[in-house]
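What follows is one structure encoded as structure tokens, with my remarks underneath.
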Amino acid sequence: MLNPPYLLFYPDANRDDVPDGDPQVLLTGFGMEDAQAMSNHLTWGPDGWLYGVNGSTTTCRIRGIEFQQGVWRYHPITHEFELFCEGGSNCYGVTFDANGLGINNATNNWGAASDIAAAATDLNAALTQLRTQSQAFRSNLSTVQSRHGFTQPMVNPPQPART
Ligand SMILES: [Ca+2]
């Protein structure tokens, strides 16, 4: 649970959806000076990290890392904390599409879910183009290797053995 200035974990070993006790403090230092820019939107990434966002007018100071607007992440097993990227303004959303592309939403970037969907469409089109170019490159590389294999004996003919 994200409850600035804390990221908390409520153990529930018996899985009855009732906390087994007081929460554990996993992180502390999320800024609280501007309610519209506080850390929010916990989201699991495809890499097993827990992602969140923070806005531009609230300063976080976590494990020696100071930042405002951007995306941060926390690993639930190794307990590492990282500032994943900086940018945006009052960030209020982060998600991942089917290809694992991360999309960060902020007030000055996009205003609606349709904008996120349009950005995802653009990103997926770019990914498709990259895949096509990669396949073309692989095919061209194969052609070059075949030609190299054909012409190399002509360029470097076998030399007679020295006696
Ligand atoms: Ca419980």
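Give the residue that is farthest from Trp72 (Cα to Cα), with candidates limited to residues of the range 21-59 that are within 16 Å of the ligand (Cβ to nearest atom) and surrounded by fewer than 12 Cβ atoms within 10 Å (Cβ to Cβ).
Checking each candidate, the answer is Gly21.
Restricting attention to the range 1-20, report how many residues are without any contact (Cβ under 8 Å) to a residue 12 or more places away in the chain, at negative phi and within 16 Å of the ligand (Cβ to nearest atom).
The total comes to 7.
Would you confirm whether or not the range 77-88 contains a residue that is buried (at least 17 other Cβ atoms within 10 Å of the Cβ) and either in contact with a Pro (Cβ under 7 Å, 6 or more places away or on another chain) or more than 15 Å from Asn105 (Cβ to Cβ) (or both)?
Scanning the range 77-88, I find at least one residue that is buried (at least 17 other Cβ atoms within 10 Å of the Cβ) and either in contact with a Pro (Cβ under 7 Å, 6 or more places away or on another chain) or more than 15 Å from Asn105 (Cβ to Cβ) (or both), so the answer is yes.
Do the conditions hold for Val53, that is, is it in contact with a His (Cβ under 6 Å, 6 or more places away or on another chain) and closer than 30 Å to Ala98 by Cα?
Spelling it out, Val53 is indeed in contact with a His (Cβ under 6 Å, 6 or more places away or on another chain) and closer than 30 Å to Ala98 by Cα.
Leu130: hydrophobic (A, V, I, L, M, F, W, C), at pLDDT 80 or above and closer than 30 Å to Trp44 by Cα, yes or no?
yes
The values are calculated or read from the model by the stated rules, or taken from the named source; none is laboratory data. Just so you know, these numbers come straight off a predicted model, no measurement behind them. All Cβ positions, glycine included, derive from the backbone under ideal geometry; neighbour counts span all protein chains shown.
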